[in-house]
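Peer 1: Handing you this structure, nothing more for now.
Values quoted throughout were computed directly from the atomic coordinates according to the rules given, and no laboratory measurement underlies them. In this text the structure is predicted, and so the values were computed from the model without any measurement. Positions of Cβ are generated from backbone atoms using ideal geometry, with glycine treated the same way; all protein chains shown enter the neighbour counts.
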Amino acid sequence: MNKNNKKVRVGLIGLGEQMLDNLLPSILLTNNCEIISLCDINEFLLKEIGVKLHVENLYSDYTKMIFSESIDIIFVASTPEVHYNVIKLCIQNKIAVFVEKPPVRNILQLKNILELNSQNILIGVGMNFSYSDSHNSIIHLINGKDFGKLSSISIEHLSSKPIEPFWNFDSIIESFLLSQ
């Protein structure tokens, strides 16, 4: 619980696979969080998840959600453009925000976010590869007694995604670099 014994009021933006399979289960395991609003452009999915979670405040426009609700933290799993715009709105409205990677589309947007965040609003970015096989293999090798005797390390990161460009990018390479 937070200092006032009140639950943290949570808003979710983007109800796709990453939110539903990874972020939402973690949020639901946290006893001091209350999901108060949902936002997605898929109206059918939005209503379906709203019923499952017993959330009545449903939005297809994240701007309306941010300005209409009293939210402590927003979790976003969408496109880099949406992430960027939500981060800016959260900074302006003093709302903590957690975004899935990539948080923005380019370095200029990232610099803009850093400049805007003069009040140090909490911004978190998801990175779940710290539990991947390749990461664990490197850690195992480094912690092993023979680490200093290796002449080289070769780690291959196999990815099933993307098979086509993500997030309105023009190329698979660009999408891969930001998604990985």
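Peer 1: Checking the conditions here, which among V76, V97, V86, V51 is farther than 30 Å from D170 by Cβ and of a type in the set (A, V, I, L, M)? Explain how you work it out, then say what you get.
Peer 2: Details: V76 fails: farther than 30 Å from D170 by Cβ; V97 fails: farther than 30 Å from D170 by Cβ; V86 fails: farther than 30 Å from D170 by Cβ.
Of V76, V97, V86, V51, the one residue that is farther than 30 Å from D170 by Cβ and of a type in the set (A, V, I, L, M) is V51.
Peer 1: If you scan segment 35-49, which residues turn out to be surrounded by 14 or more Cβ atoms within 10 Å (Cβ to Cβ) and either more than 15 Å from A77 (Cα to Cα) or not acidic (D, E) (or both)?
Peer 2: I35, I36, S37, L38, C39, I41, L45, L46, I49
Peer 1: Another question about this same structure. Across segment 50-71, what is the number of residues that are surrounded by 12 or more Cβ atoms within 10 Å (Cβ to Cβ) and under 19 Å from L20 (Cβ atoms)?
Peer 2: 9
Peer 1: Mind checking which residues of segment 1-34 are of a type in the set (A, V, I, L, M), surrounded by 11 or more Cβ atoms within 10 Å (Cβ to Cβ) and under 16 Å from I73 (Cβ atoms)? Give the steps one after another, and end with the answer.
Peer 2: So the first thing to find is which residues in segment 1-34 are of a type in the set (A, V, I, L, M), and the list is 1, 8, 10, 12-13, 15, 19-20, 23-24, 27-29.
Next cut, surrounded by 11 or more Cβ atoms within 10 Å (Cβ to Cβ) only: 8, 10, 12-13, 15, 19-20, 23-24, 27-28.
Within segment 1-34, V8, V10, L12, I13, M19, L23, L24, I27, L28 qualify.
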